[in-house]
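Derivation of every value follows stated rules applied to the coordinates shown; laboratory data play no part. Everything quoted here is computed from the prediction, not taken from an experiment. For neighbour counting, all protein chains shown are included, and Cβ atoms are generated from backbone atoms with ideal geometry for every residue, glycine included.
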Amino acid sequence: MLPEPIRNAIDVASNAVWGPWTMALLLGTGVFLTIRLRFVQVMRFREGLRAMVPAQASGAGTLSPFQAFMTALGASIGTGNIAGVATAIVSGGPGALFWIWVYGFFATAIKFCEAVLGIQYRKVNGDRLSAGPMHYLKDGLGSPKLAWLYAAIAGVAALTTTPFTQPNSIAVVWQSQFNIPPLYSGLGLAVLTWLVVIGGVKSIGRAAEKLAPLKVGLYLVGGLIVILTHAAQLPSVFALILREAFSMEAAGGGALGVGMMTAMRYGIARGIYANEAGYGTAAVAYGTAQTDAPVKQGLQAVMEVFIVSCVTSTISALVILASGAWTSGLTSTAVVAQAFNTAIPTVGGWVVAFCAFLFGYTTLIGWAYYGEQFLEYAFGLRITKPYRWIYCGLVVFGAIGKVETIWAWGDLMNGLQVFPNIVGLIGLSGVAASVLRQPKAQGSQGSTAAPMA
């Protein structure tokens with residue numbers, strides 16, 4: 001357990017990183033890219049739906065296009081969609097959901113750009129492939145120092161956030177539903193994570209391909225049952241969401257605009273934690289695809305954000321609000337489990353517990369690869385094996401940590417990696433726009449998988 005002064009310092013730093021200027025930067029970047037890419041998330045939405053169908057590999061890469069999509073989807077649909085949304089509603093009020101939607105719409109353009117640039121600037125050397133924002137920062141933007149800075153920050157973020165936030169959320173709900181001590185949950189998760197992570201990216205891709213569709217389908221069915229059970233509350237819930245999104249007072253009164261800023265802060269911070277647009281991780285996941293079609297992978301990234309922000313996150317928020325569980329005093333996955341139990345007694349909590357495990361586990365294994373790529377770029381291949389062992393070991397400590405501190409640290413570290421990535425996205429937006437404008441027949445041609453130095 002961290003001393004109180006350290007916990008307070010983490011909270012202060014997290015709130016500073018996620019101040020109004022950061023939210024303006026993210027939303028502004030999303031708006032800019034949406035316009036620069038001619039509303040790709042709207043104009044090419046149908047094509048994006050078709051892009052989710054498994055396709056034959058055609059080009060350099062490590063994973064099939066579908067495996068790359070499932071790895072990205074599996075990594076982004078983590079407990080942030082359950083626990084993160086829950087903490088956003090509990091801490092930021094119902095209006096936070098509105099800002100999750102707002103950022104989600106514009107975030108689709110951000111993630112499209114990340115996926116396309118990830119393929120355009122990836123490095124291939126035989127069986128080895130390296131992809132991520134560090135490559136487009138170095139080779140596209142011509143800034144090796146910024147590339148190294150991003151890789152170092154993102155690598156530390158992957159190592160010190162995901163092994164904490166995901167196991168913590170799983171442990172919370174498993175303790176609330178089955179009275180399993182967090183330490184035991186952490187040990188079990190650490191072993192399961194090690195079994196996949198130690199096998200590398202191909203092992204991760206195979207696991208994600210099987211688990212990602214299962215977890216989305218199960219959570220969708222369970223959530224819809226809860227929402228339909230409380231359907232009479234939905235009109236008032238939506239009115240509450242819109243009213244609180246623009247409230248001029250904090251809950252219980254307060255300074256003018258504080259309520260709205262709190263809703264925005266938690267909505268956007270948890271929104272980006274849920275869909276990961278802006279982190280640059282999409283460039284790693286989609287950059288592994290065996291394809292010469294960057295536009296198709298970019299459209300998959302659009303659909304990934306849509307699923308995360310408009311489906312799974314919305315389900316989490318609506319079940320909490322419609323059931324009234326958000327005022328129970330609980331937080332994280334425990335409040336979602338209580339909401340499910342109002343419609344499906346006992347079994348509902350079990351569904352959330354199982355979904356939390358699937359959500360958290362697939363995110364754990366996906367982010368393990370992200371961090372590996374970042375730290376290999378910054379410090380060389382010698383770090384790979386120690387990193388994998390340390391990553392899995394930290395899972396145990398994440399399970400027994402304090403919920404609020406865990407999420408504040410996650411916000412802080414992930415927020416820091418946004419800034420260099422955004423510089424690259426804005427600077428290279430013309431490259432993504434140029435690829436998008438290519439004829440659809442060749443449409444997606446143009447991958448420049450360069451040999452590794």
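Cβ neighbours within 10 Å, averaged per peptide: list 263-275, 306-318 in order, most packed at the top.
By packing density, highest mean first, the sequence is 263-275, 306-318.
Hey, could you pull the Cα Rg and Dmax for the chain, both in Å?
20.4, 62
For Ser143, enumerate residues with amide H under 5 Å from its amide H, sequence gap 5+ or separate chain, H modeled in the peptide plane.
Excluding prolines and chain starts, which carry no amide H, the hits are Lys138.
Sorting Asp411, Asp139, Asp127 on the 10 Å Cβ count, fewest up front, what's the list? Don't skip to the end; give the middle numbers.
Working: Asp411 26, Asp139 19, Asp127 7.
Fewest-to-most Cβ neighbours within 10 Å comes out as Asp127, Asp139, Asp411.
Please list, ordered by chain and number, the residues whose modelled amide H lies under 5 Å from the amide H of Gln290; skip anything fewer than 5 residues away on the same chain.
Thr62, Leu63, Ser64
Could you tell me which of the pairs Lys111/Lys145; Lys138/Lys215; Lys111/Lys138; Lys111/Lys402; Lys123/Lys385; Lys210/Lys402 are separated by over 27 angstrom between their Cα atoms in the structure shown? Walk me through the intermediate numbers first.
Details: Lys111/Lys145 23 Å; Lys138/Lys215 36 Å; Lys111/Lys138 19 Å; Lys111/Lys402 31 Å; Lys123/Lys385 21 Å; Lys210/Lys402 31 Å.
With Cα atoms farther than 27 Å apart: Lys138/Lys215; Lys111/Lys402; Lys210/Lys402.
For labels at Leu218 and Arg206 in the simple 7 Å Cα→Cβ model, what's the distance in nm?
Taking the two extended label points, one gets 2.1 nm.
Charges at C-beta only: +1 for Lys and Arg, -1 for Asp and Glu. How large is the resulting dipole of the range 11-434 about its Cα centre, in Debye rounded to 20?
Values: 23 positive and 15 negative charges, 147 e Å.
About 700 debye.
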